[in-house]
Amino acid sequence: MKDIALLPRPNAGDTLIPPEQPLEMPDQDFATAFRDHTAPQAKPQRQVALWRLIAFSPAMIATAGLSLVMHGWFAKDGFMGLEVLLLVLIAFNFFWISFSVSTVLLGLFRLWRRQLGQHISGPDTAEAMKVALLVPVHNEDPASVCANARTMLDDLYAWGGQHDYAMFILSDTRDDRIGALEQHHVEVLQTTLPPGIRLYYRRRAQNTGRKAGNIADWVRRWGAGYEAMLVLDADSLMTGRAIAELADALARDPGAGLIQSFPQLIEARSVFGRMQQFANGVYGLAMAEGLAAWVGSDGNYWGHNAILRTRAFAACAGLPPLRRLFGGATQIMSHDFVEAGPGGACVSCPGSKAPTRRRHKP
């Protein structure tokens, strides 16, 4: 087992939450350009244009060929409006399918090249960081949430590493009965955790902003105390190795603001879910590897199972309410694509399933 820093165990008199360490998270002004002056200069991306050419060209050529053939069939007796619409839909769907195939083939090529030892990784040294594991919950089954938390924390302790971890279960639960069960399960779990791993629980009185507001509330109250935060879903389950390697990868690259892991579907119950799980297991890794190759600095944040640099996130991800067409304002319900605005380079790390890496904007 690797060395891990030993911390004092919480005693019975400790509260469920640590002392606050506030971090400013201002709302952004989308009318002005954003610059994070604390971010290091981004390194020029290599081969991204080549990967994009390799991924897009076969799909575009195949779609153009199919469109010409279909156009010949439809044009025999003249075009109708319905035929034009049908041709456009066929071309769009065929391009989507063929582009997915070319992305998978690109991923397979990169995986094969890595097996030959041609993949160049980053530096081996990384400074220790304080990492918060954030688990937002909203009327979830407390037993399942705490079972997943216990599994991750135990595996993280067994894996070890140099980083200092703390897990926060951030509750937006509206049902008081479920809220009481959440607190009870966390209190029981706290007494059985191994030394060096800490678990906290906070329940908001008002769930303003939903999940995005839940994360923002944690950033504003405790964000200054942690260099990085790993955002999970209520049903997320990550190995200790994956968590440690994400933290190591972020620590090795000062210019990275976000590293997105490749999530895999597990325990699907419906027929459609089982089909998705099977497909994810067959070619999901190759798809993620190919996506990481051509996306470059323009990929989107999937919203969970990703590690983020806390201060970079606070500096650029404070989002104001949306203005409605007929007046008033509403909260953004899903920040995933909007928060991806800072962008970044995409690379693959052994063991962490082709994570996508987002850089600060210098």
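Over the range 229-324, Cα pairs under 8 Å with separation of 6+ residues give a relative contact order of 50 percent. Using the Cα gyration tensor of the range 48-115, with a ≥ b ≥ c the square roots of its eigenvalues, what is the shape: rounded (a/c below 1.5), prolate (a/b larger than b/c) or oblate (neither)? Here the range 48-115 falls in the prolate category. The slack between Met80 and Trp96, meaning 0.36 nm per residue of separation minus the straight C-alpha distance, is 3.3 nm. Fewest neighbouring Cβ atoms within 10 Å first, the residues His185, His138 line up as His138, His185.
Taking other C-beta atoms within 10 angstrom as a stand-in for reagent exposure, Tyr226, Tyr200 fall in the order Tyr200, Tyr226, fewest first. Exposure proxy for Lys130, Lys76: other Cβ atoms within 10 Å of each Cβ, ordered fewest to most, give Lys76, Lys130. Contact order, relative form, for the range 48-115: 53 percent (alpha carbon pairs under 8 Å, 6 or more residues apart, mean separation divided by residue count).
Between Asp175 and Phe56, residue separation times 0.36 nm minus the direct Cα-Cα distance comes to 38.0 nm. Here r is the Cβ-Cβ distance between Val188 and Ile266 and R0 is 35 Å; the resulting FRET efficiency, rounded to 0.05, is 0.90. Put a dot 7 Å past the Cα of Gln47, heading toward its Cβ, do the same for His138, and the two dots end up 4.1 nm apart.
Coordinate-derived values only; no laboratory data. None of these values were measured; they are calculated from a predicted model. Virtual Cβ from ideal backbone geometry, glycine too; neighbours counted across all protein chains shown.
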